[in-house]
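The values are calculated or read from the model by the stated rules, or taken from the named source; none is laboratory data. Here the structure is a predicted model, which means the values were calculated and not measured. Neighbour counts are summed over all protein chains in view; Cβ atoms, including those assigned to glycine, are modelled from backbone coordinates with ideal geometry. Keep in mind that these areas ignore ligands, DNA and RNA; they rest on the heavy atoms of the full protein, side chains included. Shrake-Rupley method; radii C 1.70, N 1.55, O 1.52, S 1.80 Å.
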Amino acid sequence: MSNNQTATAAATADYIPPYPPLVDTHGRTFDYMRVAVTEKCNLRCTYCMPEEGVDFMGKDTLLTTDEFLRIIKAVAQMGIRKVRFTGGEPLVRKDIVRMVEETAATPGIKIIKMTTNALLLPRYVHRLKEAGLTGLNISLDTLNEEKFLRITRRKGLKETLDAIDEAVEVGIPSVKINLVAMRGFNDDELLDFCEYTKDHPVTVRFIEFMPFDYEQMWETGGNFLSAEQMCNMIKEAYPNIEDSSGTRTEHHMFKIPGYAGKVGVIPAFTRSLCVNCSRIRLTSDGNIRNCLYSDKEFGLRDMIREGCSDEDIMEKFREAFQQKAKDGFIAKKESEEKPVDISALTKKGDDSTLHVRKSMTQIGG
Ligand code: SF4
């Protein structure tokens with residue numbers, strides 16, 4: 001355990017958040033924040049953004065490193081204990097190790113994870129471990145070189161596989177693979193990924209495709225593969241497969257007897273996991289998104305730059321989660337019904353704003 005981790009564990013072990021937990025009107029408590037630290041990425045996955053990228057926001061629009069860290073420290077005071085750095089690709093940020101280190105040193109934060117495509121990971125993996133990173137989710141949708149090029153529009157399959165092995169060797173406590181399952185693209189490889197867990201102590205997670213692809217594929221239809229269909233494929237191939245445990249969103253977790261790793265299926269579009277929702281999203285421009293499917297967002301950046309207090313920050317989170325819908329379907333419907341006329345809303349005491357983000361790189365997954 002690194003010095004930093006020892007310090008963190010000590011600081012966190014008996015930390016009691018000074019403010020009440022963040023809850024919504026459906027009895028859920030939120031203790032997990034996904035922080036999108038950039039929109040930029042070194043890949044161009046066809047289910048996320050076009051070759052030319054998205055309409056990237058200007059530097060002044062994005063939160064600074066200190067603003068990100070301030071928000072993390074503020075929410076830790078109301079019981080947020082898990083932070084995941086996402087993007088875009090978080091490793092394109094030169095200060096990512098500092099962000100992990102300072103987050104790890106924040107009393108109350110026990111779990112620090114990152115979702116990455118791992119192409120830049122070899123440069124950082126040792127320092128991230130030292131800084132206190134507790135887990136990596138590595139995006140990989142195929143084990144086929146040609147298909148890797150087709151789906152990411154870049155080369156890098158071998159580098160990604162090597163980076164996964166290195167993350168395990170370096171001793172990152174939790175290493176997982178995120179695969180976006182698409183019919184007609186990688187549904188014929190799901191069992192190859194199950195076999196990959198035979199000798200690799202990683203969790204392979206099959207995630208339902210979601211409509212945040214900048215209108216590239218979803219509209220064409222025909223490529224959605226449901227969690228139920230994936231579970232049936234796995235159980236048919238491995239009749240002796242055992243149920244296993246996972247995180248709150250890892251709705252279906254399996255272990256093939258004698259295999260080193262595990263297999264999970266995430267109903268991210270079916271949204272049968274909303275009853276256990278525990279996650280907050282912070283966008284790279286400083287907006288709180290209380291649900292992946294809600295376009296209603298609550299701004300933090302300007303109020304921070306106008307000198308607000310930590311209590312004001314926490315209050316904004318409470319306001320956002322008091323308006324959180326029961327599930328992702330209702331959240332989507334409410335977003336579509338939300339009048340564009342902001343003044344009508346502020347009269348109702350609802351100062352959220354509407355942000356239709358078409359690409360996952362603009363939300364942070
Ligand atoms: S769809 Fe929304 S409510 Fe459901 S789990 Fe995802 S973020 Fe939570």
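Assorted remarks:
- Qualifying positions in segment 124-165 - of a type in the set (V, I, T) and farther than 17 Å from L91 by Cα: T142, I151
- 2 or more residues more than 16 Å from the ligand (Cβ to nearest atom): qualifying strands (runs of 3 or more DSSP E) within segment 205-312: 252-255, 262-266
- Residues in segment 313-337 that are within 12 Å of the ligand (Cβ to nearest atom) and part of a loop (DSSP other than H, G, I, E, B): K324, A325, K326, D327.
- With respect to the stated conditions, K262 fails to be open to solvent by 10 Å² or more (accessible area, probe 1.4 Å), over 29 Å from T361 (Cβ atoms) and either among the basic types (K, R) or touching a Phe, Trp or Tyr at 6+ places or on another chain (Cβ under 6 Å) (or both).
- Number of the exception - S244 against (1) modelled with pLDDT of 95 or more; (2) closer than 22 Å to G135 by Cβ: (1)
- Among (1) part of a loop (DSSP other than H, G, I, E, B); (2) more than 24 Å from G53 (Cα to Cα), the one test that T142 misses: (2)
- Whenever a residue of segment 257-272 is under 15 Å from R205 (Cβ atoms), its partners that are at pLDDT below 95 and away from the ligand (no atom under 16 Å from the Cβ), lying with C-beta atoms within less than 6 angstrom and at least six residues away or across chains, give the pairs K262/S244.
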